[in-house]
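First comes the structure, then the notes that go with it.
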Amino acid sequence: MIQKVGSFPKSYRFSIGDRLVDGVLEILMRLVDAAYSRDKERPLMEVNAMLNRIRFLLRLAKDLKLLTVDSYGYAAENVEEIGRMVGGWRKSAVAAGAK
């Protein structure tokens with residue numbers, strides 16, 4: 001994602017592009033926080049909300065033709081996979097907390 005944003009036109013690189021990069025990096029940091037936290041549910045819920053924002057930004061980038069359909073598809077697939085993984089981790093954390 002970071003490399004793709006570098007090819008955005010200047011008019012979008014510092015608005016949509018920066019939000020995408022900041023969002024992706026923030027998701028990474030929250031996942032690290034969750035890995036080392038006793039209460040994993042909260043950071044994982046926040047990651048889920050951030051993934052939704054990334055989904056919308058990706059769609060916007062595709063609609064504005066900042067991303068090709070192939071690039072959008074690749075990014076969207078990865079975001080969906082991360083979402084499934086976070087959802088599974090969250091369910092596991094909730095189940096472990098209930099015991």
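The values are calculated or read from the model by the stated rules, or taken from the named source; none is laboratory data. This structure is a prediction, so every number in the text was calculated from the model and none was measured. Note: ideal-geometry Cβ built from the backbone for every residue, glycine included; neighbour counts use all protein chains shown. Only protein heavy atoms, including side chains, enter the accessible area calculation; ligands, DNA and RNA are left aside. Shrake-Rupley method; radii C 1.70, N 1.55, O 1.52, S 1.80 Å.
Suppose the filter is in contact (Cβ under 8 Å) with a residue 12 or more places away in the chain and assigned to a helix (DSSP H, G or I); does Arg53 pass it? So Arg53 passes the test. Exactly one residue among Ala61, Ala49, Ala76 is at pLDDT 95 or above, under 19 Å from Gly6 (Cβ atoms) and among the small types (Gly, Ala, Ser), and that residue is Ala61. Note on the range 16-38: among residues that are in contact (Cβ under 8 Å) with a residue 40 or more places away in the chain and under 16 Å from Val86 (Cα atoms), the one that is most open to solvent (accessible area, probe 1.4 Å) is Leu31. Consider the range 58-78 and keep the residues that are of a type in the set (A, V, I, L, M) and more than 12 Å from the chain's Cα centre (by Cα). The one that is most open to solvent (accessible area, probe 1.4 Å) is Val69. Restricting the range 79-99 to residues that are under 18 Å from the mean Cα position of the chain (by Cα) and basic (Lys, Arg) leaves a set whose member that is modelled with the highest pLDDT is Arg84.
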